[in-house]
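In what follows, a single structure is set out as structure tokens and then discussed.
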Amino acid sequence: MWSGRRLCPGLEPIFLTGDTRFPSPWQEAARTARQSPSLKVLQKPPVLICADGGLTGEYFENVWFFYTPVRTVVDPMINFTWGQGLITPSASDFVSIRWTGRVLPEFTETYTFFVSSDDGARLWVDRALLFDHWDTSFDVSLMFSHIWSCNNTFGTIALVANTFYSIKLEYKENTNDAFVSLRWQSRSVPLALVPPSRLYFETGTPGSPFLISIAPCLSFFPL
Ligand SMILES: [Ca+2]
């Protein structure tokens with residue numbers, strides 16, 4: 001689970017802990033503090049700098065996320081209806097998109113995330129797979145309808161207010177019409193598109209500008 005706080009206004013940087021991509025410096029500092037009780041350990045913690053305003057979208061001209069994305073942008077919301085038009089600069093079919101970032105709930109409640117897509121989609125929140133409708137089922141009775149390959153699916157997860165959670169939505173378009181949208185709902189949040197103000201994208205991962213000291217015997221980091 002993620003936790004975090006903003007360090008200062010402006011760039012809206014966020015200090016996040018618990019990212020398993022950065023366990024080593026923390027663990028090393030805590031280990032040193034434990035093994036050398038008289039030594040005060042100074043550590044520059046790694047940080048993940050994010051900004052609100054949407055999720056990072058990586059667009060691929062294949063349905064397997066292969067090779068370098070042909071397009072990487074921040075999409076304020078996930079709400080696209082391409083029809084049979086272009087999704088990437090040169091492709092309308094056999095395209096995949098991966099949106100990643102953080103979602104910041106306002107309330108401590110169970111949230112339901114809804115994805116409507118043509119074609120497949122799968123969603124993770126807090127690294128938990130909420131649903132996987134990647135390979136759409138083919139219903140012969142609907143084959144002449146525009147909804148034959150459409151997914152309307154959802155998943156629920158309990159979230160804590162003002163806590164940053166990782167979110168990843170993967171989408172693919174095979175052929176014909178294409179659309180995808182991401183909505184959410186909770187007891188206090190009416191069903192709506194997840195707004196840009198609740199979505200954060202990564203802007204970089206530089207070292208923290210602050211030194212912290214890890215006091216011997218007070219470290220609670222797992223070793
Ligand atoms: Ca389609």
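Any read-out appearing in this document is the output of simple, stated calculations on the displayed coordinates, not a laboratory observation. None of the values given here were measured: they were computed from a predicted structure. Quick reminder, even Gly has a Cβ in these numbers, built from the backbone with ideal geometry, and neighbours come from all protein chains shown.
Assess whether PRO69 counts as being over 14 Å from the mean Cα position of the chain (by Cα) and in a loop (DSSP other than H, G, I, E, B). The answer is yes for PRO69. Of all residues in the stretch 70-106, those satisfying the criterion of being in contact with a Lys or Arg (Cβ under 8 Å, 6 or more places away or on another chain) and away from the ligand (no atom under 16 Å from the Cβ) are PRO89, ARG98, TRP99, THR100, VAL103, LEU104, PRO105, GLU106.
Consider only pairs whose beta carbons are under 9 Å apart and that are at least six residues apart or on different chains; among these, list those whose first residue lies in the stretch 153-174 and is part of a loop (DSSP other than H, G, I, E, B) and whose second residue is away from the ligand (no atom under 16 Å from the Cβ) and of a type in the set (S, T, N, Q). As it stands, the answer is VAL160/SER3; VAL160/THR108; ALA161/THR108; ASN162/THR108; THR163/SER3; THR163/THR108; PHE164/SER3, since those pairs meet every condition given.
Take the residues in the stretch 167-188 that are of a type in the set (D, E, K, R) and near the ligand (Cβ under 10 Å from one of its atoms), then tell me which one is nearest to ARG102 (Cα to Cα). Top of the filtered list is LYS172. Every condition in (1) surrounded by fewer than 19 Cβ atoms within 10 Å (Cβ to Cβ); (2) touching a Lys or Arg at 6+ places or on another chain (Cβ under 8 Å); (3) of a type in the set (A, V, I, L, M, F, W, C) holds for PHE113 except the one numbered (1).
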